[in-house]
Amino acid sequence: ANNSAAEYGGFACLWTASAMVMDEDAEVVDSHSDGFGGGVYAREGSSVQLKDVAFRGGFAGARGGGLFVYERSSLVVMRSVIDGNRAGARAGGIGAMFSSSVELVNCSVNGNTAGGDAGGIYLCCETSLTVLRSTIDSNSAGDRGGGVYALSSATVELLEGSSVSSNTAVDYGGGLYVSGSTLTVSASVIDSNTAGDNGGG
């Protein structure tokens, strides 16, 4: 709790093909980064695996209030919560860029906020998100993509009873904002989202 960093990873920073595993009711609470990854920042082929973990109350001045993965890194989250985190710019809950991947299984990404795009999850540049039996609910963005923001050949899959609900965006895409990317929805719900301009759902 209450860890901080001036630039990367308020709680932990993984650099160049590093690995991190957290499980068994671990919590990361109120961690702070002035730059990227309020809780965890991972880059250059690193991997993060979370199981039965909570990331709450994190803050990043730039991107990734909860977690941020970058440059071919991977994030796998199971039976965990990424709730109530904030970013000054983008990616209130989770951010991923440049051929990275995020997989959520039986998780919640709820109540996160961003001053700009992506209240819940931010994806850019050939990055993938797979969501199974998970909720992306009640997140808010000061610009686009209240729940999910996907840009530049990103791939988003909502599968097997997932939900994107009650998210808000000041501009486009209350639930999801998808540009130059691919969205697949199967046996999932997108409801009660709100956008100030186009694309409530």
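Being touching a Gly at 6+ places or on another chain (Cβ under 8 Å), of a type in the set (A, V, I, L, M, F, W, C), at pLDDT 95 or above and surrounded by fewer than 22 Cβ atoms within 10 Å (Cβ to Cβ) is not true of LEU183.
Here's a check for you: in segment 30-70, which residue that is among the polar types (S, T, N, Q) and open to solvent by less than 10 Å² (accessible area, probe 1.4 Å) is farthest from GLY111 (Cα to Cα)?
Restricting to residues being among the polar types (S, T, N, Q) and open to solvent by less than 10 Å² (accessible area, probe 1.4 Å), the top hit is SER46.
A count restricted to segment 2-28 and to residues that are part of a strand (DSSP E or B) and either open to solvent by 40 Å² or more (accessible area, probe 1.4 Å) or among the charged types (D, E, K, R) (or both) stands at 7. So, GLY115, is that one open to solvent by 40 Å² or more (accessible area, probe 1.4 Å), of a type in the set (Gly, Ala, Ser) and either farther than 20 Å from PHE36 by Cβ or at pLDDT 95 or above (or both) or not? Yes; evaluated as a whole, the condition is true for this residue.
Of the residues making up segment 126-136, just one is within 24 Å of PHE59 (Cβ to Cβ) and open to solvent by 30 Å² or more (accessible area, probe 1.4 Å), namely THR135. Residues of segment 31-54 that are in contact with a Phe, Trp or Tyr (Cβ under 8 Å, 6 or more places away or on another chain) and on the phi > 0 side of the Ramachandran plot: GLY37, GLU44. Candidates TYR172, TYR177: the one that is assigned to a loop (DSSP other than H, G, I, E, B), open to solvent by 20 Å² or more (accessible area, probe 1.4 Å) and either under 22 Å from MET97 (Cα atoms) or touching a residue at least 12 places away in the same chain (Cβ under 8 Å) (or both) is TYR172. Of all residues in segment 29-66, those satisfying the criterion of being under 15 Å from ILE82 (Cα atoms), out of contact with any Lys or Arg (no Cβ under 7 Å at 6 or more places or on another chain) and assigned to a loop (DSSP other than H, G, I, E, B) are ASP30, SER31, GLY37, GLY38, GLY39, GLY57, GLY58, GLY64, GLY66. Whether a residue is farther than 23 Å from ALA17 by Cα and not in a strand (DSSP E or B) was assessed, and GLY92 passes this test.
I'm trying to understand the selection: among the residues of segment 91-112, which are out of contact with any Asp or Glu (no Cβ under 6 Å at 6 or more places or on another chain), surrounded by fewer than 23 Cβ atoms within 10 Å (Cβ to Cβ) and either of a type in the set (Phe, Trp, Tyr) or more than 18 Å from ARG79 (Cβ to Cβ) (or both)? The answer is SER101, and nothing else.
State whether one or more residues within segment 148-157 are modelled with pLDDT of 95 or more, charged (D, E, K, R), farther than 22 Å from LEU75 by Cβ and open to solvent by 40 Å² or more (accessible area, probe 1.4 Å). No - not one qualifying residue is present in segment 148-157.
Within segment 187-197, can one find any residue that is touching a strand residue (DSSP E or B) at 6+ places or on another chain (Cβ under 6 Å), hydrophobic (A, V, I, L, M, F, W, C) and either open to solvent by less than 10 Å² (accessible area, probe 1.4 Å) or within 23 Å of ARG86 (Cα to Cα) (or both)? Checking segment 187-197: at least one residue is touching a strand residue (DSSP E or B) at 6+ places or on another chain (Cβ under 6 Å), hydrophobic (A, V, I, L, M, F, W, C) and either open to solvent by less than 10 Å² (accessible area, probe 1.4 Å) or within 23 Å of ARG86 (Cα to Cα) (or both).
Considering every residue within segment 137-146, establish whether at least one is under 20 Å from ASP197 (Cα atoms), open to solvent by 10 Å² or more (accessible area, probe 1.4 Å) and touching a Phe, Trp or Tyr at 6+ places or on another chain (Cβ under 6 Å). Lay out the reasoning, then the answer.
Going residue by residue through segment 137-146, those that are under 20 Å from ASP197 (Cα atoms) are 137-146.
Of the ones still in play, those that are also open to solvent by 10 Å² or more (accessible area, probe 1.4 Å) are 137-138, 140, 142-144.
From what is left, the residues that are touching a Phe, Trp or Tyr at 6+ places or on another chain (Cβ under 6 Å) are 144.
Checked against the condition, which is being under 20 Å from ASP197 (Cα atoms), open to solvent by 10 Å² or more (accessible area, probe 1.4 Å) and touching a Phe, Trp or Tyr at 6+ places or on another chain (Cβ under 6 Å), segment 137-146 yields at least one hit.
Scanning segment 1-46 for residues that are over 17 Å from the mean Cα position of the chain (by Cα) and aromatic (Phe, Trp, Tyr) returns a single hit, TRP15.
The values are calculated or read from the model by the stated rules, or taken from the named source; none is laboratory data. All values reported here derive from a predicted model rather than from experimental measurement. Because the Cβ atoms are built from the backbone with ideal geometry, glycine has one as well, and the counts that use them run over all protein chains shown. The area values use the complete protein model at the heavy-atom level, side chains included, leaving out ligands, DNA and RNA. Shrake-Rupley method; radii C 1.70, N 1.55, O 1.52, S 1.80 Å.
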